[in-house]
Amino acid sequence: MRLALALYGEGNTDDRFLTLIIQRKSRKILAEYRKSNVRVASVEPIKLFEKKPTREENILQAARQAFRYHALIVHSDADDPSHKKALQERILPGFQLVQQSKGIVCEKLLPIIPVQAIEAWMLADYKVLCEEVRTGLSARELDIPTKAKQLELISKPKLRLNEVMAKINKQRRLHQKIDVSSLYEPLGQNIRLERLKLLAAYQQFEKDLTDTFLALNLIPRIDRI
């Protein structure tokens, strides 16, 4: 069986990171339940054919375009110390609109809401980050928190990531400097999922994804390794 998942995200750079995280986590869940007969296809970012006036209408449009997929993941950064406000204001109204729709839509929807912003997840595995940018600077020197709770307390993780890269690039010649936008895809591919699992927001996504697989009858409610 081929499992097809789609993502309606907030931007191209976020999509490059999240599509890989979603695919890798999906494979891991299925492996834990010994579902080797299910092949997880590349997660498809949904680009709206037509931008609607409101967020909920755009989610409905994304669900319409994703009608051939098993599930649609909708991304919104929390921009807050908790995911609850984003869920209530920017996710659930759209989900309710999809449920009320009488047209053909993707019916299985789930949110992915990093606390504050997706860059907090990119900072979660400082060792992989340092390997990717080839720096010997320590997490302390780069001002990267090593504890998950500290990461989710950073009010502007995107700014923090930019500051980290500025410190690294300061020691390099012009042709050696690394642009932050180039990190989303390799970190999505290489960041350790066990590091992300320390984050409350990622734990919630893992639960929502598992529940979706249960609803799709992809995995049983027992027999997990």
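Does N190 satisfy the condition of being surrounded by 13 or more Cβ atoms within 10 Å (Cβ to Cβ) and more than 25 Å from S42 (Cβ to Cβ)? So N190 fails the test.
Of the residues making up the stretch 49-68, those that are surrounded by 13 or more Cβ atoms within 10 Å (Cβ to Cβ), without any contact (Cβ under 8 Å) to a residue 40 or more places away in the chain and in a loop (DSSP other than H, G, I, E, B) are K52, F67.
Among the numbered conditions (1) crowded, with 19+ Cβ neighbours inside 10 Å; (2) not β-branched (V, I, T); (3) not in a helix (DSSP H, G or I), the only one that G103 does not meet is (1).
With respect to the conditions (1) surrounded by 14 or more Cβ atoms within 10 Å (Cβ to Cβ); (2) in contact with a strand residue (DSSP E or B) (Cβ under 9 Å, 6 or more places away or on another chain); (3) charged (D, E, K, R), R160 lacks only one, and its number is (2).
Hey, among the residues in the stretch 183-225 that are aliphatic (A, V, I, L, M), in contact (Cβ under 8 Å) with a residue 24 or more places away in the chain and not in a loop (DSSP other than H, G, I, E, B), which one's nearest to V164 (Cα to Cα)? Step through it out loud before you land on a result.
If we filter the stretch 183-225 for residues that are aliphatic (A, V, I, L, M), which is where we start, we get 183, 187, 191, 193, 196, 198-201, 209, 214-216, 218-219, 222, 225.
If we keep only those that are in contact (Cβ under 8 Å) with a residue 24 or more places away in the chain as well, we get 183, 187, 191, 193, 196, 198-201, 209, 215-216, 218-219, 225.
Among the residues that remain, those that are also not in a loop (DSSP other than H, G, I, E, B) are: 187, 193, 196, 200-201, 209, 215.
Details: L187: 15, L193: 21, L196: 19, A200: 23, A201: 23, L209: 31, A215: 41 Å.
Once the filter is applied, the top-ranked residue is L187.
Just so you know, in the stretch 27-47 the residues that are without any contact (Cβ under 8 Å) to a residue 40 or more places away in the chain and touching a helix residue (DSSP H, G or I) at 6+ places or on another chain (Cβ under 7 Å) include one that is farthest from E10 (Cα to Cα), and it is V40. From the list I154, I113, I144, I219, the lone residue that is more than 18 Å from the chain's Cα centre (by Cα), crowded, with 17+ Cβ neighbours inside 10 Å and within 29 Å of G94 (Cα to Cα) is I219.
Quick check: anything in the stretch 69-81 closer than 29 Å to Q150 by Cβ and either in a helix (DSSP H, G or I) or free of Cβ contacts under 8 Å to residues at least 60 places away in the same chain (or both)? Even if it seems obvious, please write down each step before you answer.
Going through the stretch 69-81, the residues closer than 29 Å to Q150 by Cβ turn out to be 73-81.
Then drop every residue that is not either in a helix (DSSP H, G or I) or free of Cβ contacts under 8 Å to residues at least 60 places away in the same chain (or both), which leaves 79-80.
Yes, there is a match, as at least one residue in the stretch 69-81 is closer than 29 Å to Q150 by Cβ and either in a helix (DSSP H, G or I) or free of Cβ contacts under 8 Å to residues at least 60 places away in the same chain (or both).
Once the stretch 16-31 is narrowed to residues that are within 14 Å of L218 (Cβ to Cβ) and not charged (D, E, K, R), the residue that is surrounded by the most Cβ atoms within 10 Å (Cβ to Cβ) is S26. The set of residues from the stretch 167-176 being exposed (fewer than 12 other Cβ atoms within 10 Å of the Cβ) and either assigned to a helix (DSSP H, G or I) or hydrophobic (A, V, I, L, M, F, W, C) (or both) comprises K170, L174, H175, Q176. Any residue at all in the stretch 102-109 that is touching a Pro at 6+ places or on another chain (Cβ under 9 Å), in the same structural domain as R55 (by TED's automatic domain parsing) and in contact (Cβ under 8 Å) with a residue 60 or more places away in the chain? No, the conditions are met nowhere in the stretch 102-109.
Condition (residue is modelled with pLDDT under 95, over 18 Å from V180 (Cα atoms) and part of a helix (DSSP H, G or I)) applied to the stretch 120-140: is it met by at least one residue? Taking every residue of the stretch 120-140 in turn, at least one turns out to be modelled with pLDDT under 95, over 18 Å from V180 (Cα atoms) and part of a helix (DSSP H, G or I).
The values are calculated or read from the model by the stated rules, or taken from the named source; none is laboratory data. This one's a predicted model, so the numbers in the text were calculated from it and none came from an experiment. Every residue, glycine as well, gets a Cβ built from its backbone with ideal geometry; the counts of neighbours run over all protein chains shown.
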